[in-house]
Amino acid sequence: MSERLSRIEGSFDSRIIFRPIVPVYDLLNRILSFGRDQHWRRVLASSTPPGRVLDLACGTGDVSLALIREADRLVVGTDILPEMLLVAARKTRRRQVSIPFVAARAESLSFRSGLFDAATIAFGIRNFQDRSAALKEIRRVLKNQGELLILEFSIPENLLFRNLYLFYFRRVLPWIGRLISRNSASYSYLPESVLSFPPPKAFAHHIESLGFRVLSIKPLSLGIVTLYRLKKNFPSKDGTLKDGGAEEPASPSGPSRVSLDPIPR
C-alpha cells in the first residue's frame, strides 16, 4: 500500500471527529459545498442498480433517502455513530418511508455473505479506520457481480481551478466550519484527510487489488468529487478473479450474520 494511502488510515477514531458536529452536520454540508452535495448524492443514487442496497457511512441518511426514492429498492443504512442514525431515522419518519439503520463498523458487518445487490459510500471511505478491511468486508456481503459505488472528494486537475479550490479548502472552509460548529478539530481534519487521500487512479488500483473491477471513474464538478463505480469479481479455483460463478460462502468465523426479508415484488 502506498504511503499516501496509509497516512491517515487507522490513525484516529472518526467518532471523535464527527460526534460534536452532528447537530450542524447537514447545515454545514449545504453551506460548505454551496448546495452541491445534494446534487452529488443524487448522481450517486441514480447510478446505483436496483435491489438490496447497503448504504455505508450513511450519516444522517441523505443518500439512503435518495436511494429509496428509486423504484424496487430495499435500503439498509449503517454508520459508526448512533447519533447520526437518530437524525436519519427522524428524516425517514417525516418522509413516511421505511429504512432500517444499523450502528456498525464497515470493517465488521453483521450481514450474511452475498446478501446485497449493491453498496454505496458517500464521503465515508476516507474515514474508515482500516480501509482495506472494510472493502474486503463490503465485497463479502455483496452478491456475485454486485456493485460498489463510492463518492469521495478529490483534487481537481486543472491548475487554476486546483489553486482556487485548495485556497478555499485550506483557508476558508475550516474557518466557516469553526464559526458555525464551534469545533476546530473536525473542519481542520477534513482538508487534511482529503489531501492525504490517494488520487483517483491510485485508489482505483488499490480497490482492484481487493477483488473489484473498475467500471468507471467519473469526476464531478470539475474534479472536486469523484464517483467510482466498481463490480465484485469472483475468485476462480486457481485463485484468479473473474466475473460469474456461484456466491461466496459465509465465513465460518466472525460476527453472526443477519438475514433480511426479500424485496416485495
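Once the Cα-Cα distance is subtracted from the 0.36 nm per residue extended length, the L215 to N163 segment shows a gain of 15.7 nm. When the charge dipole of the range 3-242 is built from unit charges on Cβ atoms (+1 for Lys and Arg, -1 for Asp and Glu) and taken about the Cα centre, the candidate among L44, T226, F197 whose Cα reaches farthest toward its positive end is L44.
Placing unit charges on the Cβ atoms only, positive for Lys and Arg and negative for Asp and Glu, gives the range 1-138 a dipole magnitude near 380 debye about its Cα centre. Among rounded, prolate and oblate, which fits the range 147-212 when a ≥ b ≥ c are the square roots of the eigenvalues of its C-alpha gyration tensor, a/c under 1.5 means rounded, and a/b larger than b/c means prolate? Oblate, because a/c is 1.5 or more while a/b does not exceed b/c. Each peptide in 52-64, 94-106, 188-200 gets a packing score, the mean of other Cβ atoms within 10 Å over its residues, and the list from highest to lowest is 52-64, 188-200, 94-106. If you take the square roots of the eigenvalues of the alpha-carbon gyration tensor of the range 3-242 and sort them as a ≥ b ≥ c, do you get rounded (a/c under 1.5), prolate (a/b over b/c) or oblate? It comes out oblate by the Cα gyration axes.
Between rounded, prolate and oblate, where does the range 30-93 land on the alpha carbon gyration tensor, with a ≥ b ≥ c its root eigenvalues, rounded for a/c under 1.5, else prolate if a/b exceeds b/c? Since a/c reaches 1.5 but b/c is at least a/b, the shape of the range 30-93 is classed as oblate. Taking 27 Å as the limit for the C-alpha separation, the pairs K91/K231; K91/K218; K143/K218; K136/K218; K143/K201; K136/K201 exceed it in the case of K91/K231; K91/K218.
Only Lys, Arg, Asp and Glu carry charge here, each on its Cβ (+1 for the first two, -1 for the last two); on that basis the range 139-186 has a dipole of about 240 debye about its Cα centre.
All of the numbers you see were taken from the coordinates with simple rules; none came from a lab. Keep in mind that this is a model prediction, so the values were computed, not measured. Reconstructed Cβ throughout: ideal geometry from the backbone, glycine too, with neighbour counts over all protein chains shown.
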